[in-house]
Amino acid sequence: MMDETDRRGEGVKTGGGWSAVAAELRSAIGKGRHAPGSRLPSERALSEQFGVSRVTMRRAIAELEGEGLLRVARGSGAYVRADMPVRFQMGDKVRFSKDLIATDANLTRKVLSAREIPANADLAARLKLQPGAAVLEMCVVAHADELPVSVVMRSCSAKRFAGLAEKFTAMGSFTAALKEYGIMDYWRRSTDITARMPTEVEARLLQQSRLTPVLAYAGEDIDADGTIVSCQIGCFASERVVVTV
């Protein structure tokens, strides 16, 4: 039997198995080459295009269906989900503008509230502050067009980052705003992700049912010296976001 890497079909050359094919299709969907609601070419046509077996192509399509990018209708074919989920690429550098990808969607963030609070023991430990130190707490909601996809409580030292909420609102980017404080770059030290039911406030802000789970996460960012910049506790709307680690 001919090995799929030795096949010579016209079109895309993946140089790999089903995961490489899935990656190519995922990229094409993300770039809008397959519009939301459209039907993909037939399994046979895709197999010839990618130069792989139909079994391999079927596995790649199943992977994207499991991620929520495709809807497969028996006897009809594979369709790009019309309610296209936003893809979040989780890495050691978390940048909203680069890590969130949505087809034909305008991605925005808005600070819903900002306040100073005294650090409790847990928050003080996470931010490496003294208990009772002033902490700037910001509630930020991200939208894909008009649909909310995430809500996060971002906390940082109020003394070190005085006015950060206003700077972010003016600039639209935490990366740009942090440069005003001399932080040219920062990294995600750790991120923990769990599935749970949303709180009443989270469900309201995400405009979803309290019976629908969210992908909750907790993370901490550090600067080039390893000093804590901020910590975040938030969640993604699980039916609208695909998280890639």
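Please enumerate the residues belonging to the range 114-133 that are open to solvent by 50 Å² or more (accessible area, probe 1.4 Å) and not in a loop (DSSP other than H, G, I, E, B).
Passing the criteria: Ala114, Arg115, Glu116, Pro118, Ala121, Asp122, Ala125.
Could you list, in sequence order, all residues of the range 23-46 that are aliphatic (A, V, I, L, M) and in contact with a Phe, Trp or Tyr (Cβ under 9 Å, 6 or more places away or on another chain)?
Within the range 23-46, Leu25, Leu40 meet the criteria.
Would you check if Ala176 is at pLDDT below 95 and in contact with a helix residue (DSSP H, G or I) (Cβ under 7 Å, 6 or more places away or on another chain)?
no
Show the residue pairs that are 6+ apart or on different chains and have beta-carbon atoms under 9 Å apart, the first residue being within the range 189-206 and part of a loop (DSSP other than H, G, I, E, B), the second being polar (S, T, N, Q).
Met197/Thr212; Pro198/Gln208; Pro198/Ser209; Pro198/Thr212
Check Leu164 against each of (1) closer than 16 Å to Gly234 by Cα; (2) touching a Cys at 6+ places or on another chain (Cβ under 8 Å) and name the one condition it does not meet.
(1)
Please name all residue pairs, on different chains or six or more residues apart, with Cβ atoms under 7 Å, provided the first residue is in the range 217-245 and is at pLDDT below 90 and the second residue is outside any strand (DSSP E or B) and of a type in the set (Asp, Glu).
Here the result reads Val242/Glu67, each pair linking the range 217-245 to a residue that is outside any strand (DSSP E or B) and of a type in the set (Asp, Glu).
So, in the range 58-75, exactly how many residues are part of a helix (DSSP H, G or I) and open to solvent by less than 40 Å² (accessible area, probe 1.4 Å)? Give the derivation first.
Filtering the range 58-75 for residues part of a helix (DSSP H, G or I) gives 58-66.
With open to solvent by less than 40 Å² (accessible area, probe 1.4 Å) added as a condition, the list becomes 60-61, 64.
Within the range 58-75, residues that are part of a helix (DSSP H, G or I) and open to solvent by less than 40 Å² (accessible area, probe 1.4 Å) number 3.
Is at least one residue of the range 164-171 over 27 Å from Arg87 (Cβ atoms), of a type in the set (Lys, Arg) and surrounded by fewer than 17 Cβ atoms within 10 Å (Cβ to Cβ)?
Checked against the condition, which is being over 27 Å from Arg87 (Cβ atoms), of a type in the set (Lys, Arg) and surrounded by fewer than 17 Cβ atoms within 10 Å (Cβ to Cβ), the range 164-171 yields no hits at all.
Kindly check whether there is at least one residue in the range 38-59 that is within 19 Å of Arg240 (Cβ to Cβ) and modelled with pLDDT under 85.
So far as the range 38-59 goes, no, none of its residues is within 19 Å of Arg240 (Cβ to Cβ) and modelled with pLDDT under 85.
Looking only at the range 97-112, decide whether some residue is touching a Cys at 6+ places or on another chain (Cβ under 8 Å) and modelled with pLDDT of 65 or more.
Yes - at least one qualifying residue is present in the range 97-112.
The values are calculated or read from the model by the stated rules, or taken from the named source; none is laboratory data. Note that the structure is predicted; figures quoted are calculated from it, not measured. Please note: Cβ atoms are built from the backbone with ideal geometry, for glycine as well, and neighbour counts cover all protein chains shown. Calculation scope for accessible area: heavy atoms of the full protein, side chains included, ligands and nucleic acids excluded. Shrake-Rupley method; radii C 1.70, N 1.55, O 1.52, S 1.80 Å.
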